[in-house]
Amino acid sequence: MREPARRVFAAEYNRSEMKVKEGESQYAPGYVITPTGARCNRLFVVGVLTEVEDIGREDSLYRARVSDPTGTFLVYAGRYQPEAAQVLSSMEPPEFVAVTGKADVYQPDDGDTIPSIRPEAVSTVDRGERDRWVVTTARRTIERLEKLDQLPEEVEERYHPSLNEYRDVVREALRNLLGEERHEPSVEDEPEDGEADPETGRADGEQGRWREEPPVEDVEEWDFS
Amino acid sequence: MSADKKLSKALEQVKQSVDDFSERELTEELRELLEYGVPPDQAAETVIRRKGRSDPAAAAGEKKLADAVPGERGLTVEARVLDRRDRTIKVKGEPREIVSGSLGDETGVLSFTSWNEFPFEEGDAVRISNAYTREWNDRPELQVGDYTEVEEIAGEDLPPAEELSSPRDVSIRDASRAYRPRVEATVIDVLDRSGLVMRCPECNRVTEGGECSEHGPVDAEPDLRIKAVLDDGDSCIQATFPREVTESLTGVTLEEAEEMARKAMDRGVVQREMERVVGRAVVATGRVLGDNFVALDVEEPESSPEDDARELLEALQ
Ligand SMILES: [Zn+2]
């Protein structure tokens, strides 16, 4: 069974610091668990592409920033995401983009966690599709908030998510869509990637867990007949 | 005692010791015995004994289609035939005629296979007794076997066929339960082998290098399609958009796609053009075949995101 693509606002996703694997095998799917309990093997995000940079050394490694009304997603496309890398490198920010990709958490040495997305598909979209994504993501988030008291214990203990805090995230996103409130990104909204990437984020870097690995969990049974 | 009184007396007695069976089924069996002059209490005992012998846990009895599960025995349903196809399959090397199709009632839809004659047409209401179910693509499939009885009924309680086969709004998770599911979802990926494909004129299979896996070298005909993933954040399904749907979704006709490929001398440009639908929200009406959603019609969602946003905000206050 293919994993569905979860809908999570950047403000929530960027606070994720749990990654679990289902089963022992190297093909077992991994999930980033967000504070309200979304189990993300795959994510679908729509937002404004604000920046694309090639931060690779020998091979290209593109880092793109995709901004939603609540924060910024970090998208990394390297040699195992050639199509997405090509599309991203040809884009001229700012543009509305849709990104489908694998959820990942990158851990540099300092113990920090930086949630990111390894893209499988990237495409330009219009404002209408961005708005629809905000509505769907608001709905999915509200659904998770309704079940917040049923969070698995380890998720509850890790995050202690506050209902009001995440309701505010949803409100902020919806008001932004309606033009009722301009979002001023605060420093906390931006994931702190900064200088860490050249140190640890490289395909040849030995430190840190962010490494360019073959996307083995992408091996899924599809009938193309 | 009148015949009716005898019947209701016997039925009361049976119902005290037997559940999991439809009243209709019990009544039929009792009536038959009473018609042969068996006294009511003996008729009741006979039926109780009969039902007790068959494993009550395994005998499904009468159910609505939505309640059927794989691996049932003794299943009785009343439903309308929504479609039927005659097929010839090979069983141990011997050709065998079978009938497969879909049944519908007000609760849902169920595929069926009949291993015997099935002299009913689309729209007919039938009562199928003592059928069994198998699992097929994670869904139950009703089997009409040697011990299954099928009879035509008036079907006054069943919605008309047009209603049963009209589009039904469902989530992707429930798409395979509807005969004509209509789902609201987003195209989150366009898979390889989308765009221009060549098809065998005999069997419609996609050819590779001008060869059909069944018919060998053929004069293949061009077609345009998209293989996509539809996803609503909760579930996803692989979908096929046939030519008309692909043309309306992308604004690229088959002729234009051929022209693009000719100019670039590469069919890949059409694939990349198709990939631009990633991110599009759609309302897709179609049919689930196996694990594939075949889209027959794709539209833009009607609701405005602004209205939806206002509604959600209000609910949050
Ligand atoms: Zn052929």
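Summary of values
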item: Strands (runs of 3 or more DSSP E) contained entirely in segment A:11-125, each with at least 1 residues that are surrounded by 16 or more Cβ atoms within 10 Å (Cβ to Cβ) and modelled with pLDDT of 95 or more; result: A:30-33, A:42-54, A:62-68, A:71-77, A:95-106, A:114-124
item: Conditions (1) touching a strand residue (DSSP E or B) at 6+ places or on another chain (Cβ under 6 Å); (2) within 14 Å of chain A (Cβ to nearest Cβ); (3) under 28 Å from A:Thr141 (Cα atoms); number of the one not met by B:Thr285; result: (2)
item: Sole exception among (1) in contact with a His (Cβ under 8 Å, 6 or more places away or on another chain); (2) of a type outside the set (A, V, I, L, M, F, W, C); (3) away from the ligand (no atom under 16 Å from the Cβ) for B:Ser194, by number; result: (1)
item: Residues located in segment B:205-238, provided they are touching a strand residue (DSSP E or B) at 6+ places or on another chain (Cβ under 7 Å), in a loop (DSSP other than H, G, I, E, B) and more than 14 Å from every other protein chain (Cβ to nearest Cβ); result: B:Gly210, B:Val218, B:Ala220
item: Segment A:33-44 residues that are touching a residue at least 24 places away in the same chain (Cβ under 8 Å), paired with ones that are among the acidic types (Asp, Glu) and part of a strand (DSSP E or B) (beta carbon under 8 Å, 6 or more apart); result: A:Arg42/A:Glu120; A:Phe44/B:Asp231
item: Test for B:Glu202: is it away from every other protein chain (no Cβ under 13 Å), within 16 Å of the ligand (Cβ to nearest atom) and either under 26 Å from A:Lys102 (Cβ atoms) or surrounded by fewer than 18 Cβ atoms within 10 Å (Cβ to Cβ) (or both); result: yes
item: Number of the exception - B:Val77 against (1) surrounded by fewer than 18 Cβ atoms within 10 Å (Cβ to Cβ); (2) modelled with pLDDT of 95 or more; (3) within 30 Å of A:Met1 (Cβ to Cβ); result: (1)
item: Residue list for segment B:44-65, filter: modelled with pLDDT under 90 and touching a strand residue (DSSP E or B) at 6+ places or on another chain (Cβ under 6 Å); result: B:Ala58, B:Ala59, B:Ala60
item: Out of A:Pro29, A:Pro82, sole residue that is more than 27 Å from A:Glu153 (Cβ to Cβ) and out of contact with any Pro (no Cβ under 8 Å at 6 or more places or on another chain); result: A:Pro82
item: Close pairs (6 angstrom Cβ cut-off, 6 or more residues apart or separate chains): in a helix (DSSP H, G or I) in segment A:133-158, among the hydroxyl-bearing types (Ser, Thr, Tyr) anywhere; result: A:Arg144/A:Thr36; A:Leu145/A:Tyr166
item: Selected residue (only one of A:Ala103, A:Ala173, A:Ala84, A:Ala121 is within 14 Å of chain B (Cβ to nearest Cβ) and touching an Asp or Glu at 6+ places or on another chain (Cβ under 6 Å)); result: A:Ala121
item: Leading residue by the ranking (nearest to the ligand (Cβ to nearest atom)) among those in segment B:205-226 that are of a type in the set (A, V, I, L, M, F, W, C) and more than 21 Å from B:Leu296 (Cβ to Cβ); result: B:Cys212
item: Selection status of A:Val46, in contact with a helix residue (DSSP H, G or I) (Cβ under 7 Å, 6 or more places away or on another chain) and away from chain B (no Cβ under 13 Å); result: no
item: Number of the condition not met by A:Asp68 [criteria: (1) closer than 30 Å to B:Gln317 by Cβ; (2) within 14 Å of chain B (Cβ to nearest Cβ); (3) over 13 Å from the mean Cα position of the chain (by Cα)]; result: (3)
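The values are calculated or read from the model by the stated rules, or taken from the named source; none is laboratory data. Computed from a predicted structure; not experimentally measured. All Cβ positions, glycine included, derive from the backbone under ideal geometry; neighbour counts span all protein chains shown.
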